[in-house]
Amino acid sequence: PAPAPAPVPVPTPLAAAPMPTPMETSSPAAAAPAPPKRKSNTAKPGDGTPLERCARILEALMKRKDDWFNEPVDTVLIPDYLDTVKSPMDYGTIMTKLKSGAYMAAPPFAADVHLVLSNAVAYSPEPDNECNIAAKKHLIAFEEGYFKEGLATDGGAALAAAKAGAKRNSTSRKRARD
């Protein structure tokens, strides 16, 4: 007859730990480690790639109450628009271009935002026109966002110019009312 196989050793704990008392299990030190804090969905200025920062700026502009510029101008309702504006642009088109990867850097994005707003002022040049006023406010909001996101390369000169232009515009509106 064949000899019986040797028994397989069963691992034993190195040292048997004493069972914790109920008081020990309720202490914070004995509790399971807390899960890591979730990151906020709100990005801080300067976070992300330049084009992600551009998207944040554009989203903020599109959420404004004076949302004149989110869609293309309806040239059926405003047939003379293309007589004045030769290169139409709107925020919705810019967003589509951002999402499709049409922009390779922030400056072409900024140029399109500027085009939207300069088109608005060109078509509605009167200082007291609602669209003109909205365009000037959007320009300030854009330049503030562009600067805060660390995308401006002019040290804030464009922001200062936008604010000065809006101030001149409000002064001329005030004189026209007097």
Three-way shape call for the stretch 37-105 based on the alpha-carbon gyration tensor, with the a/c threshold at 1.5: prolate
Residue pairs, from the table Lys99/Lys148; Lys99/Lys167; Lys86/Lys148, whose Cα atoms sit over 29 Å apart: Lys99/Lys167; Lys86/Lys148
Segment Lys99-Lys137, extension gain: residue separation times 0.36 nm, minus the distance between their alpha carbons: 11.2 nm
Ranking by accessible area, most exposed first, for His114, His138 with a 1.4 Å probe: His114, His138
Surface accessible to a 1.4 Å probe, Glu144 within the full protein complex, Å²: 60 Å²
Heavy atoms of Asp74 accessible to a 1.4 Å probe, total area in Å² rounded to 10: 70 Å²
Shape call, the stretch 43-151: gyration tensor on alpha carbons, a/c limit 1.5: prolate
Extension gain from Ala161 to Leu115, taking 0.36 nm per residue of separation minus the Cα-Cα distance: 14.9 nm
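The values are calculated or read from the model by the stated rules, or taken from the named source; none is laboratory data. Given the structure is predicted, the values throughout are model-derived calculations rather than measurements. Accessible surface areas use protein heavy atoms only, side chains included; no ligands, DNA or RNA. Shrake-Rupley method; radii C 1.70, N 1.55, O 1.52, S 1.80 Å.
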